[in-house]
Each structure stands twice: as C-alpha cells, then as structure tokens.
Amino acid sequence: MAAAAGAIVTLTANPSFDRTVALPEPLERGAVHRVDAMTSQAGGKGVNISRAAVAAGLATVAVLPARPDDAIVHELAEAGIECRPSRPAGEIRINLTLTEPDGTTTKLNGPGAAVTDEHLADLAETLVRHANGGAWTVLAGSLPPGAPATFYADLVPRLRTVSRVAIDTSDAPLAALVERLPEDAPDLLKPNAEELASVTGTEATALDEGAGGLGGRTLVERGVGAVLASLGGKGAVLVDNDGAWYAPPPPTTVVSTVGAGDSTLFGYLLGALRGLPAPDRLALAVAYGAAAAGLPGTTIPHPGDLHPERVAVQTLDPT
C-alpha cells in the first residue's frame, strides 16, 4: 500500500521506548535524587517527526521494526500514527533521559537488537513500498547493531524515484552518505553543529552561523538539495542552491532539548509542503525547535505553540 499523497513517511531503524526523568536539582554523580516527574513513550527520531505531523494535521506513515502486536505499535496507533512494522530482530530498546532545571539534558541510549541482512532487507522493502507517493521520506536516527554504515546511503537512490528524501543521522552513517555524494544525494540533510563539523572539517565549538553557512554550502555544492544545520541555542542555518540564511531562536525558557532537533526538521518539511520560500521554511523550523525546547520531556509542539513571527531570518553572505 502506497502512502497518501502529501504524506510524510518516516523510518526509525532503531526505535525505542523513551523514558524521561525530570530532576528538581542539578544532577550529582553518585548521589540519590528524587524526581519531579517521569514519563515514557514510544520514541526515535522518525517517530517524533510522525508525532509532529499528526499534531499538525498531516498524513504520516511510521515504518519501524517491531512485532505487529508490540506495545510500540499499539501506542503509535492510539496517537493517530499509521504504523507499518517490519520483522524485528529483538525487543525494542530503552532510552533514558535526565533533565535538570536549567535545561541541561543527559541521555543514556540503549543499543537495540542486532540485525541481520534479512531484517534489513525486510525493513528496506517495507519502507520503499509505503514511501511510494509520499511527499517526503525521512530517514532519521541511529542504526541498530549489525547494520552497515551505508544503509541510509543505499536507500537514497531507491527512494528518490518515489519521494523526496530527508536524512537526519550522525557518525558513520552520515560519513558514509557524504562519501557517496553527489551520486546518492538526499533532497535535505539536517546535521547539528557537531555533525556538520565532522563532515566538513570545521571545529564544532567554533561553528557559528558563518561557518555553518560555509559548511552547508560545501555539501550543497556536492549535490545535497538543501542543508538545514541546527546550531543548538544559536538557532539554525539553511543553505540551498538559491542562497543561505540564518535564524536565531526567539526568547525561550528551555525546559528540555530532547526532540528539539526533530521538531526543527519537521518545521522545515511543513514549510516545504506549504510551498513557503526558503527563509520562511527556516523561520518555521526554528519556531518548531524553540517551541519543543520550551516543553517538558519529548513533548511535540502543536501549531498553537509556535511563534514563527518572532523569528528574525538573516541572509548570509554567500562567500
């Protein structure tokens, strides 16, 4: 079954149950802490983007490895997300996030079950089948143990015949993708500052809007359709073939940064689906990321939480 026209199809190759613990005081190693609150929900970058799509009233399909009767499938269905599971290698992993009052976030991510070539082939076939006809297919997050670093790069040429492709990943999968440019270039790449630095040779600590623009330009010149680089508390940079833009975030009281990057990516996709020009897509992306940072845990913003009118977009010097 193909995706509905205009749908956002997401792949979460290494899904998780995300448990978030809110601490009332700074974390102290070796100490005993009481907690203000604890939440648990189905997670993973692709899942978060599908949640944002549902909140915005868009059609979405979440593809992930899980048993059809797994709790993660039932939870996503209850959230209004159409879930298309493929054959899993084992149990869904657990991710633990600790948030402190000042917004500091500590994450302890489980590795996930080790996969075989057969598991990956089934996952790829499930994704390509359901991506057909969708507006965007999003490959997001880490790969499970046993998956080759080239898994995302291998999927790009298959997916680009049926959908636009956005990728948000890091480490070896990101490096493998960049090594394949320009042959297997995605329509959108969304690195954070550290990830962009790792593939462009820039010092991550020195990555401001200017360096981010230059790094994004390097990838666009190598074939990537657009680069949306999130710079944490500094905002984000967007580079495409028509120009480069920077937007700092609006004033935000940071509660949790978990999922803020996923929301940023979704804001861009929503702007693209609405036919907005690049600067307005960037403003919507930054507004989504800021709104997510102001919400507890992995709470996904609704359109009513956004203030894109407070985001001031600046045009960057192309040189």
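The values are calculated or read from the model by the stated rules, or taken from the named source; none is laboratory data. The structure presented is a predicted model; accordingly, all values stated were derived computationally and were not measured. In this analysis, Cβ positions are derived from the backbone assuming ideal geometry, glycine residues included, and neighbour counts consider all displayed protein chains. Accessible surface areas use protein heavy atoms only, side chains included; no ligands, DNA or RNA. Shrake-Rupley method; radii C 1.70, N 1.55, O 1.52, S 1.80 Å.
The table below lists the values:
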{"read-out": "Farthest positive-ward along the chain dipole, Cα basis, beta-carbon charges - from Ala131, Phe151, Thr39", "value": "Ala131"}
{"read-out": "Accessible heavy-atom area order of Leu108, Leu269, highest first, probe of 1.4 Å", "value": "Leu108, Leu269"}
{"read-out": "Distance from the stretch 241-319 to the stretch 108-161 (C-alpha centre basis), Å", "value": "26"}
{"read-out": "The stretch 43-100 - convex hull of alpha carbons, volume per residue in Å³", "value": "91"}
{"read-out": "Within a Gaussian network of the chain (alpha carbon springs, distance under 10 Å), most fluctuating of Pro251, Pro157, Pro85", "value": "Pro251"}
{"read-out": "Gyration tensor verdict on the chain (Cα atoms; rounded if a/c is under 1.5, prolate if a/b is larger than b/c, oblate otherwise)", "value": "rounded"}
{"read-out": "Normalised contact order of the chain, rounded percent, pairs of Cα under 8 Å and 6 or more residues apart", "value": "16"}
{"read-out": "Bins of 10 Å from zero: percent of alpha-carbon pairs in the stretch 90-197", "value": "13, 39, 34, 12, 2"}
{"read-out": "Packing-based ranking, highest mean first, of 100-106, 283-289, 90-96, 126-132 given that Cβ atoms within 10 Å are counted", "value": "283-289, 126-132, 90-96, 100-106"}
{"read-out": "Accessible area of the stretch 70-127 belonging to carbon and sulfur atoms, whole % at 1.4 Å probe", "value": "52"}
{"read-out": "Hydrodynamic radius by Kirkwood, which averages 1/r over all alpha carbon pairs of the stretch 219-285, in angstrom", "value": "12.4"}
{"read-out": "Hull volume in cubic angstrom per residue (convex hull over the Cα atoms of the stretch 74-131)", "value": "133"}
{"read-out": "From phi via Karplus (6.51, -1.76, 1.60), per-residue ³J(HN,Hα) for the stretch 92-105 in Hz, x at Gly/Pro", "value": "5, 6, 10, 10, 10, 10, 10, 10, 9, x, 8, x, 4, 10"}
{"read-out": "Val32 paired with Asp154, simple spin-label distance in nm, labels 7 Å along Cα-to-beta-carbon", "value": "5.0"}
{"read-out": "Estimated D of the stretch 199-319 in µm² per second, where Rh is the Kirkwood radius over Cα pairs and Stokes-Einstein applies at 10 °C, 1.306 mPa s", "value": "112"}
{"read-out": "Label-to-label distance, nm, for residues given as Ala312 and Ala77 (7 Å Cα→Cβ offset)", "value": "5.0"}
{"read-out": "Radius of gyration and Dmax over the Cα atoms of the stretch 1-157, both given in Å", "value": "16.7, 53"}
{"read-out": "Check: the stretch 201-252 dipole with +1 on Lys, Arg Cβ and -1 on Asp, Glu Cβ, in debye", "value": "80"}
{"read-out": "MRE, 222 nm, helices only [DSSP H, n ≥ 4, -39500 (n - 2.57), over the chain, to nearest 500]", "value": "-10000 deg cm²/dmol"}
{"read-out": "The stretch 1-154 - percent relative contact order, Cα under 8 Å, separation 6 or more", "value": "35"}
{"read-out": "Amide H contacts under 5 Å for Ala244, placed H, 5+ residues apart", "value": "Leu316"}
{"read-out": "The stretch 253-260 - phi-based ³J(HN,Hα) in whole Hz, Karplus 6.51/-1.76/1.60, Gly and Pro as x", "value": "8, 6, 10, 7, 8, 5, x, 5"}
{"read-out": "Dipole of the chain, positive end: most advanced residue of Thr253, Ala290, Pro308 [Cβ charges, Cα centre]", "value": "Pro308"}
{"read-out": "Furthest towards positive pole of dipole, Gly141, Thr60, Gly267, structure part the chain, Cβ charges", "value": "Thr60"}
{"read-out": "Bridge type composition, the stretch 6-134 - antiparallel percent by DSSP, nearest 5", "value": "45"}
{"read-out": "Full-extension gain in nm, Asp280 to Thr104, via 0.36 nm per residue minus C-alpha separation", "value": "60.4 nm"}
{"read-out": "Estimated translational D of the stretch 137-186 in µm²/s (Stokes, Kirkwood radius over Cα pairs; 25 °C; 0.890 mPa s)", "value": "227"}
{"read-out": "For the chain: accessible area per residue (Å², 1.4 Å)", "value": "42"}
{"read-out": "Size of electric dipole in the stretch 1-92: Cβ of Lys, Arg +1 and of Asp, Glu -1, about Cα centre, debye, nearest 20", "value": "240"}
{"read-out": "Test item: Cα-centred dipole of the chain, Lys/Arg +1 and Asp/Glu -1 on Cβ, debye", "value": "420"}
